[in-house]
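Participant: Shown below is the structure under consideration.
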Amino acid sequence: MKSVFIFFGVIFEIAFISPVHAQDTDLRKEVKHQFAVKGGQNSSWINFVPAVPQNATKGFIFGVSYSYMAQSPAGILIELLYTQSGWDETSETPDLYYSRSLTYLEIPVLSNFVIGKKRNHFKLQLGPKIAFLLDENERTNVDTAQARYYYGRDVEDTIELGLAFGASVSHLFSFGEIQVDIRYNSSLSNLWRATDDFEIKNTQTQGLALTLYYWFDAK
């Protein structure tokens, strides 16, 4: 996790500090519509209550984005993303393992605030998202006697509602705009419905995604 923030800090320095000696030319005219392709890595885990020992898992995230700037500096960001998430449980017994991967089609609809008028921009995004479970894969060698309630059970709530908050830096080159983004995602819905015989009350997906955008202006 520390390496993610170090990488983000380096990109921030390159985008904002290094160009100060360059020619201060605004390559951008007033742009309202933009499209992008994006891809990167998603680190995810589950908010279990009571807590379950686990490690974050890493998966791919890629998709397309659309940005509309209604009035500077505020706009809207809509994305269609293929996201891999899940979790990897830890055990005091080294030979035992349990992990589950979850694949979603995710649609965030976020407020988009852009600061900067020249080559460099700082962006903040905040808003809701909806995700549809496409596939899940469970791996374990735990026997029935040691299994938790959800072992062997398919996810019950296959539609996930959540919130996303992101921060980005971007630099406008002659060939297009490159943006580095870090985003925290939090589910508001549970993977399994809480019942009296289900000892786990909260099963909410959490994630931290680091992605790279390539933006191009709509004609």
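Participant: Using only the alpha-carbon atoms, what does segment 108-184 span along each of its principal axes? Please give whole angstrom values in decreasing order.
Facilitator: So the three principal-axis extents are 62, 23, 19 Å.
Participant: Between THR90 and SER186, what is the FRET efficiency for a Förster distance of 30 Å, r being their Cβ-Cβ separation, to the nearest 0.05? It would help to have the intermediate numbers written out before the result.
Facilitator: Working: r = 22 Å, r/R0 = 0.73.
Between THR90 and SER186 the formula returns 0.85.
Participant: Something else: Once you put a point 7 Å from the Cα of TYR97 and another 7 Å from the Cα of LEU134, both along the Cβ direction, what distance in nm separates them?
Facilitator: Modelled inter-label distance: 2.4 nm.
Participant: Zone of GLN146 (label point 7 Å along Cα→Cβ, backbone N under 18 Å): which residues in segment 92-112?
Facilitator: The answer is 92-100, whose backbone nitrogens lie closer than 18 Å to the label point.
Participant: Follow-up question, since we're still on this one. Given R₀ = 30 Å, what would the calculated FRET efficiency be for ILE115 paired with ASP154, taking r from the Cβ atoms and rounding to 0.05?
Facilitator: Values: r = 44 Å, r/R0 = 1.47.
E between ILE115 and ASP154, to the nearest 0.05, is 0.10.
Participant: Further question: For segment 92-141 and segment 143-183, compute the distance between their C-alpha centroids and round to whole Å.
Facilitator: 1
Participant: Given a Förster radius of 25 Å and the C-beta distance between ILE76 and LEU105 as r, what FRET efficiency does 1/(1 + (r/R0)^6) yield to the nearest 0.05? Provide the component values of the computation, followed by the final result.
Facilitator: On the way: r = 20 Å, r/R0 = 0.79.
With a Förster radius of 25 Å, E is 0.80.
Participant: For segment 119-145, list residues with backbone N below 11 Å from a point placed 7 Å from the Cα of PHE216 toward its Cβ?
Facilitator: Inside the label zone: nothing.
Participant: State the dimensionless ratio Rg/Rh of segment 83-219 (Rg: radius of gyration of Cα atoms; Rh: Kirkwood radius).
Facilitator: Across segment 83-219, the Cα-based Rg/Rh ratio is 1.10.
Only the coordinates and a few stated rules stand behind these numbers; no lab work does. Given the structure is predicted, the values throughout are model-derived calculations rather than measurements. So basically every Cβ, Gly included, is an ideal-geometry build from the backbone, and we count neighbours across all protein chains shown.
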